[in-house]
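Novice: To start, I am sharing the structure in question, which I have written as structure tokens.
The values are calculated or read from the model by the stated rules, or taken from the named source; none is laboratory data. A quick note: this is a predicted structure, and the numbers were derived from the prediction, not measured. Neighbour counts are summed over all protein chains in view; Cβ atoms, including those assigned to glycine, are modelled from backbone coordinates with ideal geometry.
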Amino acid sequence: MDMVKLFFGERSLSKVAAVYESEAAAQSAARQVTQLPDFEGRQVQLVRPFDPDWGRRVEPEGIGIWRTAVRAHLTCTIVGLAVALFAYIGLWAAGVTAILSTPAVSLVAMLLFGAMFGLMVGGLISIRPDHEAVVAPVREAVRDGRWSVVVHPISRTQLADTRRTLGQTGVPIFQTL
């Protein structure tokens, strides 16, 4: 299984956006991206000024986001537990008195801390702080009466093609990590 799939349940992990002053420029850019090889129409979203539902165009994968939350939390918790267990074994093998004098309590405490830190890392992955790089400019464009094109590439090739195509339109490009 792909390591990324252990943490993420979304089809598209990247987002690329560009903001335009006119509808014609935005539609032209959206059409150019849609005509790239292997693109599906739903991967390219046109966000209109003052659109009350703009958030769904930027983050259309509601179910995928839930899958990401579940997968990230489970995977990170398991990794946290494994790290805690190996740390416990290492401390026990090193002869640390606190571990040797209360082995069961020490093991439970370390496993709880491992699980807790794993859940916190899973939560950080789930909130996807990198998405703010796209969400903020699109939110501002919607509020200011401008048009945005938001693209959800599903491969590195699509990501590169999208960046190149939108970059040729002469406007700043915003992208998630």
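Novice: With respect to ARG71, determine if the residue is more than 23 Å from GLY167 (Cβ to Cβ) and free of Cβ contacts under 8 Å to residues at least 60 places away in the same chain.
Specialist: Answer is no for this residue.
Novice: Starting from residues that are touching a residue at least 12 places away in the same chain (Cβ under 8 Å) and either touching a strand residue (DSSP E or B) at 6+ places or on another chain (Cβ under 6 Å) or not hydrophobic (A, V, I, L, M, F, W, C) (or both), keep the ones in segment 56-68 and report whichever is nearest to VAL138 (Cα to Cα).
Specialist: The residue in question is VAL58.
Novice: Cβ contacts < 8 Å: first residue farther than 18 Å from ARG146 by Cβ, restricted to segment 13-37; second residue at pLDDT below 90 and of a type in the set (Ser, Thr, Tyr), any location; separation 6+ or different chain. Result?
Specialist: From residues that are farther than 18 Å from ARG146 by Cβ, the pairs are LEU13/THR176; SER14/THR176.
Novice: Something else now. Residue pairs, Cβ under 6 Å, 6 or more apart or interchain, first in segment 104-119 and without any contact (Cβ under 8 Å) to a residue 60 or more places away in the chain, second of a type in the set (Phe, Trp, Tyr) and in a helix (DSSP H, G or I). List them.
Specialist: So the pair list comes out as LEU107/TYR88; MET110/TYR88.
Novice: Additional query: Do the conditions hold for ASP144, that is, is it touching a residue at least 40 places away in the same chain (Cβ under 8 Å), surrounded by 17 or more Cβ atoms within 10 Å (Cβ to Cβ), within 29 Å of PRO60 (Cα to Cα) and acidic (Asp, Glu)?
Specialist: Considered against the rule, which asks whether it is touching a residue at least 40 places away in the same chain (Cβ under 8 Å), surrounded by 17 or more Cβ atoms within 10 Å (Cβ to Cβ), within 29 Å of PRO60 (Cα to Cα) and acidic (Asp, Glu), ASP144 comes out as no.
Novice: May I pose another question? Filter segment 108-138 down to residues that are touching a Phe, Trp or Tyr at 6+ places or on another chain (Cβ under 7 Å) and crowded, with 16+ Cβ neighbours inside 10 Å and give me whichever is modelled with the highest pLDDT.
Specialist: MET110
Novice: May I ask you to say which residue of VAL79, VAL96 is in contact (Cβ under 8 Å) with a residue 12 or more places away in the chain and either more than 30 Å from VAL44 (Cα to Cα) or under 20 Å from the mean Cα position of the chain (by Cα) (or both)? Steps first, answer last, please.
Specialist: Numbers: VAL96 fails: in contact (Cβ under 8 Å) with a residue 12 or more places away in the chain.
Within the list VAL79, VAL96, the selection yields VAL79.
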